[in-house]
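Participant: Dumping the structure here so I can ask a few things about it.
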């Protein structure tokens, strides 16, 4: 089974959210998602300052098998995009919950989408047969 850190929140579309000390959130794709995609060869992340709605396609990750949109779990303004992914998109495969983060954003007030706890996400994976 895929890694599912208990300190993160998740989406049904396999993104994760980490709350940071400064009030921003860090977003990436889950271990399950990166395994399903295979070896990543390209990642396109949003520009700093872009305003995103919850559920909006905000990034693209591409593997040798397929390209996949990444959906923003919460509404807000992008404060940073991971600059390392342009050169080394495989960081997502190597460290999906660490150096492979995609973007950071300042959430808009009341912007939380339908986020799942680690337990709820694990149940979703079991239901999907993962």
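Participant: Once you place label points 7 Å from the Cα toward the Cβ at residue 118 and residue 65, how far apart are they in nm?
Facilitator: Result for the modelled spin labels: 2.5 nm.
Participant: Taking the chain as a Gaussian network, Cα atoms linked when under 10 Å apart, which of 99, 87, 18 shows the biggest mean-square fluctuation?
Facilitator: Residue with maximal mean-square fluctuation among 99, 87, 18: 87.
Participant: In a Gaussian network model over the chain where Cα atoms closer than 10 Å are linked, find which of 73, 83, 107 has the largest mean-square fluctuation.
Facilitator: Answer for the Gaussian network model of the chain: 83.
Participant: Summarise the long-distance tail of P(r) for the chain by giving the % of C-alpha pairs beyond 26 Å.
Facilitator: 14 percent
Taken together, the values in this text are just the output of simple stated rules run on the coordinates, not laboratory data. These numbers come from a predicted model, not from an experiment. Positions of Cβ are generated from backbone atoms using ideal geometry, with glycine treated the same way; all protein chains shown enter the neighbour counts.
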